[in-house]
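Remarks on the structure that follows.
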Amino acid sequence: MVIEIIDIFLSGLLMGGIYALIAVGLSMQYGVARVLNVSHGEFIMLGAFFTWSLYTYCNINPLLTLVICGPVMLLIGFVLHKTLYRSIRISSGGGAAFEGNSMLASFGLLFVIQNMAILIWGASIKGYSYLAFPVNMGGVIFPANRLVTLLFAVIISVAFYLFLARTRLGKAIRAAAQDPDAAGLMGVNINQVLALCFGLGAMMAGLAGTLLSMSFRVQPTMGLEYTLIAIIVVVLGGLGSIPGSFIGGFILGLIGSIVSAIEPSLSLVAYYMLFMILLLVKPTGILGR
Amino acid sequence: MLELNNINAFYGKVQSLWDLSLKVEEAEIVALVGANGAGKTTLLNTICGLMSPASGSVSFLGRRIDGLTPHSIVEMGLSHIPESGRVFPDMTVRENLEMGAYPYHAWKMKEETLKQVFQIFPRLEEREGQLARTLSGGEKQMLAMGRGLMSRPRLCMFDEPSYGLAPKLVLEVFRIVNSLREHGITVLLVEQNVRHTLEIADRAYVLENGRMVLEGSGAELLQSDYVKKAYLGL
């Protein structure tokens, strides 16, 4: 019984780490850049395929891929915002019209990226084996790669939080999230910062994809499920709150593993139930205002 | 130092500024007074880069700045303290002040500037670690003013700094604005509190329906029949 509880708790944390990472990424894109990026999961998928390809064809260590994948995704996200979302922002005149139009554009992006991935990698399920040896933790056995995933998810999230809390650029990002015009008056180049935030969101997704690929299957259509989870976590944690997304990720991971222990097919149902209840009872989330 | 020539600006499709010209010389306190909706805020937003004029020119320190983005205008030494302060609610008082020193040249000296700002606003030092959202209205205004000074500006523009404050705090705000002369900071002050404003202003402009209707020294305008009748209720 005790072992079962530890098992449920740990697998919740292991999943929660990934949820936290992808939700923090979406939180950057929606909370600051105001783009509800429905194609968030596609960036996770790209990160996963990127890692799979490098491991399968070049034998590059997935943990090393983190260092390559992060900057590449950051750049892709940055350029995407500078071109696509910037022109939507100008043509829609900002505000609610921009939020609607940019979400539609990201739907388009979802299909473009997904189909490009099918063209490049094919539609079949892929995977590889890395650090798959079992680790015994107090009677509960997990593959080592799951633990490494959690460790890196936490390290990346905490490092990112410190970046936002301590550095000059991080403070500029927080200021831009709270009042973009006032941040501009302080000397912050708003267009750069919004693009950077979108890029950072894509980077988090890419890193999550790299970590996921070590223990989960990789396929071009894997993204949407993660996007939905990220949206739920962001709402759970409170819109625009980075610590909220982080904590929310772990809460959702734990809920998922508790429900899976009872009936594995019900975990997604539980997520959506939670989402609906949350919107009805506390739409501001745990740390939102 | 700051010169506006024949500015025309639109708010949506409605013209809100008509052929406006204005000059602020180094070390002056220049005031812009007028009723609600006269175009005062539009004018300041046009200067600081939040809006662009449809025609006319804005120059600061001899360089054209109309059409530049707000961040590059701040970097030149023109600080704008917007209406109702607009402090960052979820940042601490100290973080808000640090944001004010965002331009590189100011960031390098931020500890030193912070000391000077704390001297002007001792209240902010007491509240250093508090979130800005928890401050009172007066404290928020002080924070906005302190934050505006953190970029070490040559010229400061204030948009109704005394709005909504208790009478005692109103006096305090005017005293502080007046004291900026000693720090070598030029001021362009927008206010509805016409009497106090004209008392500290070297020169003033009266704006009505987007047009300049009167211009003169603070003392002259205080004595003018027009101002007395329209704004001082005498």
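Data table
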read-out: Cα Rg over Rh - the stretch A:125-278, Kirkwood; value: 1.02
read-out: Cut-off under 5 Å, modelled amide H: who pairs with B:L214 long-range; value: B:V206
read-out: Within the protein assembly as shown, percent of DSSP bridges classed antiparallel, to nearest 5; value: 60 percent
read-out: Cα centroid separation, the stretch A:257-289 to the stretch A:54-107 (Å); value: 28 Å
read-out: Chain B: antiparallel DSSP beta bridges as a percent of all, rounded to 5; value: 55 percent
read-out: Reachable aspartates and glutamates, given that their alpha-carbon falls under 18 Å from the alpha-carbon of B:K13 and they are not under 8 places away in the same chain; value: none
read-out: Cross-link partners of A:K126 among aspartates and glutamates (Cα-Cα below 16 Å; sequence separation of 8 or more within a chain); value: A:E42
read-out: Projected area averaged over orientations for the stretch B:14-99, convex hull of C-alpha atoms, nm²; value: 7.1 nm²
read-out: In Hz, Karplus ³J(HN,Hα) per residue of the stretch B:30-41 (6.51, -1.76, 1.60; θ = phi - 60°; x = Gly, Pro); value: 10, 10, 10, 10, x, 6, 4, x, 6, x, 5, 5
read-out: FRET efficiency estimate (nearest 0.05) - Cβ-Cβ, A:E99 to A:I5, R0 30 angstrom; value: 0.10
read-out: Portion, in percent, of the accessible area of chain A that falls on carbon or sulfur, probe 1.4 Å; value: 73 percent
read-out: Accessible area expressed per residue, the stretch B:68-178, with surrounding protein chains retained (probe 1.4 Å, Å²); value: 41 Å²
read-out: Efficiency of FRET from Cβ geometry, A:E263 and B:E111, R₀ 56 Å, rounded to 0.05; value: 0.45
read-out: Alpha-carbon centroid distance for the pair the stretch A:141-155 / the stretch B:1-46, whole angstrom; value: 60 Å
read-out: Spin-label model distance (nm) - B:Q192 vs A:C58, 7 Å beyond Cα toward Cβ; value: 6.3 nm
read-out: Mean-position separation - Cα centroids, the stretch B:76-95 and the stretch B:160-234, in angstrom; value: 22 Å
read-out: Residues whose placed amide H lies under 5 Å from that of B:Q130, excluding near-sequence neighbours; value: B:V93, B:R94
read-out: Fraction in percent of alpha-carbon pairs per bin - 10 Å, the stretch B:53-185; value: 12, 43, 33, 10, 1
read-out: Estimated distance in nm for a label pair at B:R94 and B:Q223, the labels positioned 7 Å out from Cα along Cα-to-Cβ; value: 5.2 nm
read-out: Derived scalar couplings ³J(HN,Hα) [the stretch A:61-76; Karplus, 6.51 cos²θ - 1.76 cosθ + 1.60; whole Hz; x for Gly, Pro]; value: 4, x, 5, 5, 4, 3, 5, 7, 5, x, x, 4, 5, 4, 5, 4
read-out: Vicinal HN-Hα couplings computed from phi for the stretch A:252-259 (Karplus, 6.51 cos²θ - 1.76 cosθ + 1.60; Hz; Gly/Pro x); value: 5, x, 5, 4, x, 6, 5, 5
read-out: Space enclosed by the convex hull of the alpha-carbon atoms of the stretch A:89-135, per residue, Å³; value: 154 Å³
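The values are calculated or read from the model by the stated rules, or taken from the named source; none is laboratory data. Keep in mind that this is a model prediction, so the values were computed, not measured. Quick reminder, even Gly has a Cβ in these numbers, built from the backbone with ideal geometry, and neighbours come from all protein chains shown. In case anyone asks, the SASA skips ligands and DNA or RNA and just uses the protein heavy atoms, side chains included. Shrake-Rupley method; radii C 1.70, N 1.55, O 1.52, S 1.80 Å.
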